1. Which of rounded, prolate, oblate describes the chain, given a ≥ b ≥ c as roots of the alpha-carbon gyration tensor eigenvalues and a/c under 1.5 marking rounded, otherwise prolate only if a/b is larger than b/c?
2. In whole Hz, what ³J(HN,Hα) sequence does region 51-64 give by Karplus (6.51, -1.76, 1.60; θ = phi - 60°), x for Gly and Pro?
3. With a point put 7 Å past each Cα toward its Cβ, work out how far M171 is from A288 in nm, to one decimal.
4. Collect residues whose amide H, placed 1.01 Å from N in the peptide plane, falls under 5 Å from the amide H of I264; neighbours closer than 5 in sequence don't count.
5. With θ set to phi - 60°, apply the Karplus curve 6.51 cos²θ - 1.76 cosθ + 1.60 along region 9-26 and write out the HN-Hα couplings as whole Hz, x wherever there is a Gly or Pro.
6. Rounded to the nearest 500 deg cm²/dmol, what is the calculated helix-only ellipticity per residue at 222 nm for the chain, with -39500 (n - 2.57) per DSSP H run of length n ≥ 4?
7. With the cut-off at 1.5 for a/c, could you classify region 203-323 from its C-alpha gyration tensor as rounded, prolate or oblate?
8. Can you give the extra length, in nm with one decimal, that the chain gains between Y155 and E242 once fully stretched, where that is 0.36 nm per residue apart less the Cα-Cα distance?
Amino acid sequence: MSDLIYNQVNPLVRIEESNLLPMAFFEDMLNQPNFEKGKECLRQTVYGDFIDREDFSLRFETYLRNEEERLFKKMYGIAPEKEVIDIFSLRYSYHNLKLLTKAYHTNQNLDEYFLYDGYLTKESIKNAIATQTSNSLTGYFLESIQDVHREIMNYKELRVIDIVYDRYFFMHLKQSAETVRYPEVLAVVNTFIDLTNISTVIRGIREKQTANFLETVLSDQGTLEQKKLASFASEKLAVFTEYLLTTDYKEMIRQLLNKETGEIDISYLHRERDNQMTAKYQTAKLQAFGPLPILALLNAKDTEVKNISLILVGLKNNFPKEVIKERIRKTYAD
């Protein structure tokens, strides 16, 4: 589809971008002496309406996500191609499918952990899980629910919930990227899948998982070959690291190497994955047309919420500031 269909949308995206918080804001917030002072930094931002709520100190992550939900709804309302929004919101959709499926099969109420994706309601997902049918959930959404149900009935194990939904998530993500046919969007999706797979292999090696298990949980939708990644299950982490240094992710891997052990410092891997995604979106600042500015905005908002939450958690629990700072993500606003 032509980039020109976004020429009326992207000016609205730029207005939203003007409210994004720069790194200097997070540095100032981090330097506050306590939680109360830290939350005061938010007063003149788009989060200011939430900080005087009585339960803000207990539920600030929920309130922060409310702002993200607002943005999802707005972007779904104006985007010419809904699949573009799906590329970012699907991670929340499948989080909710996992959450509510586990709640259904364990007879728990986990509603407080629901993350609205701007599209699927809590009630529609619950009904689909209970009945295996739905008018509002179609395609991969409904197929995944039905597949998870069959696996649980066959194997009587709840761990299949994560495995099956993750498989459908990456298929759905790749399908959405291929449907909109923008090379830069497909590149972003491939990077996200590859870095998620890398993280899975590292965990698998440390947990001594088998190659068969890794092949089951790894996605085959990225650019790094699934069987090759799974083959490192019985190897030492250093061997897997050597392989990664031959891939397109070698520069990021070098930054994560522990100087003493020569192995990847997994505690920072998710931060670097997020930083890689932000770097991929930087070119959107110069684009007047096409879908990348919308995706860059959604990614920036997600990063912003993560950073605010990270700092507030740290201030609330008196974590060392240097520990918090090491985990702050790079921002799109700078």
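1. Details: a/c = 1.27, a/b = 1.11, b/c = 1.14.
Rounded.
2. Per residue, the Karplus-derived 3J(HN,Hα) values read 6, 8, 5, 4, 9, 4, 5, 8, 10, 5, 5, 5, 5, 5 Hz.
3. Between M171 and A288, the label points sit 4.2 nm apart.
4. N258
5. 8, 5, x, 5, 5, 5, 5, 5, 4, 5, 8, 5, 8, x, 4, 4, 5, 5
6. Details: 16 runs with 214 residues, N = 334.
Mean residue ellipticity at 222 nm (helix-derived): -20500 deg cm²/dmol.
7. Working: a/c = 2.02, a/b = 1.30, b/c = 1.55.
Because a/c hits 1.5 or more and a/b fails to exceed b/c, region 203-323 counts as oblate.
8. Numbers: separation 87, 0.36 × 87 = 31.32 nm, distance 3.71 nm.
Taking 0.36 nm per residue and subtracting the Cα distance, the gain is 27.6 nm.
FYI, it's all coordinate maths here, none of it is from the lab. Worth saying up front: this structure is predicted, and the values here are computed from it rather than measured. Glycine gets a Cβ as well: all are built from the backbone with ideal geometry, and neighbour counts include every protein chain shown.
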